Amino acid sequence: VDLVAEGGVSLDDGDVVIDVERASGAGVDLPPEVLDRVGEFFSLRYPVPELPYGLELTGVRPGDDGVLVEARSERTVIDTATE
């Protein structure tokens, strides 16, 4: 049986978190009691390693091809000079 899950993506203490909010199997929505139990298996937490240039994550959101990540950095110098 194919299982289809839908959920949200968020940022929690520097980790990208994907929480399952709704799931169905064989075209039938899973009841909340079942979703609570299987949701633990499908919800994911991705620790993000230290980013270069002092970047720090500020937000995440779903995109068409995956997760879009927003980051910021202060007082960063990027040398674009070519020799």
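The values are calculated or read from the model by the stated rules, or taken from the named source; none is laboratory data. These figures come from a predicted structure and were not determined experimentally. Here the Cβ positions follow ideal geometry from the backbone for every residue, glycine too, while neighbour counts run over all protein chains shown. What goes into the accessible areas is simple: the full protein's heavy atoms, side chains included, and nothing from ligands, DNA or RNA. Shrake-Rupley method; radii C 1.70, N 1.55, O 1.52, S 1.80 Å.
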Review point. Ignoring ligands, DNA and RNA, what percent of the accessible area of the chain is carbon or sulfur (1.4 Å)?
Key: 50 percent
Check your understanding: Can you give the charge dipole size of the chain about its Cα centre, rounded to the nearest 20 debye, using +1 on the beta carbon of Lys and Arg and -1 on the beta carbon of Asp and Glu?
Key -> 40 debye
Exercise for review: Once every Cα of the stretch 42-83 carries one equal point scatterer and solvent is ignored, give the base-10 log of I(q)/I(0) from the Debye formula at q = 0.23, 0.24, 0.25 Å⁻¹, two decimals.
Suggested key: -0.93, -0.96, -1.00
Review point. Taking Cα atoms, how many degrees apart are the long axis of helix 32-42 and the longest axis of the chain, rounded to 10 and kept between 0 and 90?
Key: 40 degrees
Revision key, fill the gap. For the chain, the convex hull over Cα atoms projects on average to an area in nm² of 8.2 nm²
Review point. Can you give the accessible area per residue of the stretch 12-58, in Å², using a 1.4 Å probe?
Key: 76 Å²
